[in-house]
Amino acid sequence: MNQKENRISKTEKKLENVSKTVFKDWKYAPSPESTEHVKIAPRYDLFINGKFVKPESKKYFDTVSPSTEKKLSEIAEAGEKDVDKAVSAAKNAYDKTWRKIPAKERAKYIYRIARMIQERAREFAVIETMDGGKPIRESRDIDVPLAANHFFYYAGWADKLDYAFPKTNPRPLGVAGQIIPWNFPLLMAAWKIAPALATGNTVVLKPAESTPLTALKLAELIQDSGLPEGVVNIVTGFGKTGAAIVNHPNVNKVAFTGSTDVGKIIQKAVAGTSKKITLELGGKAANIVFDDAPIDQAVEGIVNGIFFNQGHVCCAGSRLFVQENIAANLIEKLKERMESLIVGDPLDKNTDIGAINSKEQLLKIQEYISIGINEGAEIHQSSCALPNKGFFCKPTLFLNTSQSHRIVTEEIFGPVLAVQTFRTIEEVIEKANNIPYGLSAGVWTDKGSKIFHLTSKMRAGVVWANTYNKFDPASPFGGYKESGFGREGGLHGLSAYLTI
Amino acid sequence: MGISYFDDTPHVDQVGVEERIARFSTRSIKKTSKMQALKLALNMIDLTTLEGKDTPGKVNQMCYKAMHVCNQLPELPTVAAVCVYPNHVKTARKALNGTEIKVAAVATAFPSGNSTSSIKLEDTQFAVSEGAHEIDMVISRGEFLRGNYNFVFDEIAAIKDACGKARLKVILETGELSTLDNVRKASDLAIQAGADFIKTSTGKIQPAATMPVTLVMLQAIKDHYKKTGKMVGMKPAGGISTAKVAINYLVMLHETLGDSWMTNEWFRFGASSLANDLLMQIGKEQHGIYQSKDYFSND
């Protein structure tokens, strides 16, 4: 030991005469993505039967950019009559064309949509970022490529359903009513539309009211693709519009991604009907770090788990469990890493964390932050400056929390991480499962056997080991308990749209 | 055994490291920030010639280049150091007399390190007596890989003693260590044994410097700094030949260790062809057009 310490002291010796060029405060160059190539119409109507039609309701609402608070466009609000038109168009298309054409022809259309998304990737990425506030780095590198991949993946299955489900004579259900959230607007539309089309169903889709633009752009793309009229219909509006879709008698299948509260309402509404249903709802995932974890990569995984898409992710790793003997070290590393996150203009390529999706959501997050403070949890926020305009929130940690804190048990859907410590594997499994949700979880350890032991005990649909927030069209995704039921993605995602 | 060198050595996950690396290359570095970065990178270069055919003439030419990287372009910094074999240290010191440019010497039976400890010590002492400011030593990879950590530690410590005032760079030769876990272990070992700098490679083995390896080493430096308050320098060497890659390394340095390390006192590029690409990019920033390679000297 003496020798070791002796060496260390020798490095302290004054070093002389080394030429110095210290670059204080080296700043990255601002690099906002151009919006000039993007066409956003001043007003969008409903996409029904292959055409954009004015709403019977005659009502329009504004969609604003959460990073500038400027109005981007006016969006039609579909009423019951409009929904009825859309469902009728979908039913008609199902009966007359889509169920009849050969499966390999269906595949061709879906492939075409996938390729066209790739061709217009930049436009989609920019609009996604303008309308939803997520950083361009994510919309460009994750949302849009994954959306195209979902269409590619399911196009491949379209003419192989008999092989996917042998000896079952799989048949489509009819009209699928699909309601999607605002956190991944284009990607969720792809998750819903691609398997529905591949299995021979037709679609009435409602995007979220705060982020309708990329779904409407997708409608334009679908129009250009020559997909038969009425196979995909996109109606915009609020909860009422969604309710009209769910309650429509000619809808055979309801697929919903969104909050648990709304999911419960939908499940009640379809009770006693023959409608098939899948729900992908909220989550409050445990991200578990053991003392033998690759610690620097775990820090990255924690950051990616909670700050990806401003924490607007149903599978966000919003509850961090750290083994007590490494907690101090890990938290210090995490705090330091948070300082290097760039929060700001989502269109800037350097931005790591963009704008909160809406004012309403920002208020909700801020309310939870004050709840956390009032509950006595220790708050830590990154020291970054926030832009003056727009809806932004600093990356936030709550330390010294417990399962009894509201910020630990309730879904915040923002960049807010609740940190707890644990001592043993049994303890952390119990705590991780001690929640009404069960969508996802993460585990960080270098020991393979520990991973398998833990994953088999987790009541969560997805468990990531030594990584977080990884998505692939071939991999099924969905929840346990109040996080919903049914799976999207992979083979499982097909079965939700078939009578088998 | 007795001593455990790796009590605080964390595991390293390759996939996670690569994911982090991917983010460094997407930062936007242009205009002012690019010019700053290009000049800084130039100022961090250890201009190197390590060949059997090195002669005083070749070393003198390289030293002239070190002082005048490109006289046609105004306001350029010099490189940080020249790096030569011990028998060329005297020539280099003479050529660089009166400048701030350091002379680094590779020692300890470079590049394989396969010799006796006494020969390695003598090699080091000779280089120091000839006036080397910095010693680039290689670790005994064979001993490291067979788990003989005490041997590796003691050898580094002994060389450090022999360095006197000269700064010691410890070359891990990561291309022979096979895993990032080993890279991290070797980094911790070298730092504890007294390294002033840790360095990736000799340049004689492929792969030489890579961003994942460098990130793991930077994290070892960071953890040591957090624990002891002492800074250790970093030198990726070999394989960094373009300005674009060098800038990615600077982004990594910036986001991992921060501004205090953004100086050639604490970060070096071991490279010879990098300088000309940096010059070409600086020229492009100043004149708006690329010049032919023929306008830049190959010394």
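Counted over region A:286-472, the DSSP beta bridges are approximately 15% antiparallel. When the Gaussian network model of chain B links Cα atoms closer than 10 Å, the mean-square fluctuations of B:K90, B:K226, B:K65 top out at B:K226. At q = 0.12, 0.18 Å⁻¹, what is the base-10 log of I(q)/I(0) for region A:286-472 according to the Debye formula with one equal point scatterer per Cα and no solvent? Please give it to two decimals. With one equal scatterer per Cα and no solvent, log10 I(q)/I(0) is -0.53, -1.21.
If the viscosity is 1.567 mPa s and the temperature 4 °C, what Stokes-Einstein diffusion coefficient in µm²/s follows for region B:36-194 when Rh is the Kirkwood radius over Cα pairs?
Once the numbers are plugged in, D ends up at 79 µm²/s.
Semi-axes of the equivalent ellipsoid of region A:415-461 are 17, 13, 11 Å, computed as sqrt(5λ) over the eigenvalues of the C-alpha gyration tensor in descending order.
Taking a ≥ b ≥ c as the square roots of the eigenvalues of the Cα gyration tensor, an a/c ratio of 1.5 or more together with a/b larger than b/c marks region B:133-192 as prolate.
If both residues of a DSSP beta bridge must be in chain A, then about 30% of such bridges are antiparallel. Taking the inverse of the mean 1/r over every pair of distinct Cα atoms in region A:170-304 gives a Kirkwood hydrodynamic radius of 16.4 Å. Counting Cβ atoms of other protein chains within 10 Å of each Cβ in B:251-264 and taking the mean gives 3. Shielding value for B:194-200 is 2, the average number of Cβ atoms from other chains within 10 Å of each residue's Cβ. Highest-first packing order for the peptide set B:145-155, B:106-116, A:278-288 is A:278-288, B:106-116, B:145-155, based on the mean count of other beta carbon atoms within 10 Å. Once you have a ≥ b ≥ c as the square roots of the Cα gyration tensor eigenvalues for region A:83-166, tell me rounded if a/c is under 1.5, and otherwise prolate or oblate according to whether a/b is larger than b/c. Oblate. Note: relative contact order over chain B, using C-alpha pairs below 8 Å and six or more positions apart, is 20 percent.
Restricting the calculation to Cα atoms, every distinct pair contributes to the Kirkwood radius of chain B, found to be 19.4 Å. Hydrodynamic analysis of the protein assembly as shown uses the Kirkwood radius over alpha carbon pairs. Inserted into Stokes-Einstein at 37 °C and 0.692 mPa s, it gives a translational diffusion coefficient of 113 µm²/s. Shielding value for A:288-298 is 5, the average number of Cβ atoms from other chains within 10 Å of each residue's Cβ.
Please work out whether region A:69-116 counts as rounded, prolate or oblate from its C-alpha gyration tensor, where a ≥ b ≥ c are the square roots of the eigenvalues and a/c under 1.5 means rounded, while otherwise a/b larger than b/c means prolate and anything else oblate?
Taking the square roots of the gyration eigenvalues as a ≥ b ≥ c, region A:69-116 is oblate.
No value in this document is a laboratory result; all are computed from the given coordinates. If you're wondering where the values come from, they're calculated on a predicted model, not measured in any experiment. We place every Cβ from the backbone using ideal geometry, glycine too, and count neighbours over all the protein chains shown.
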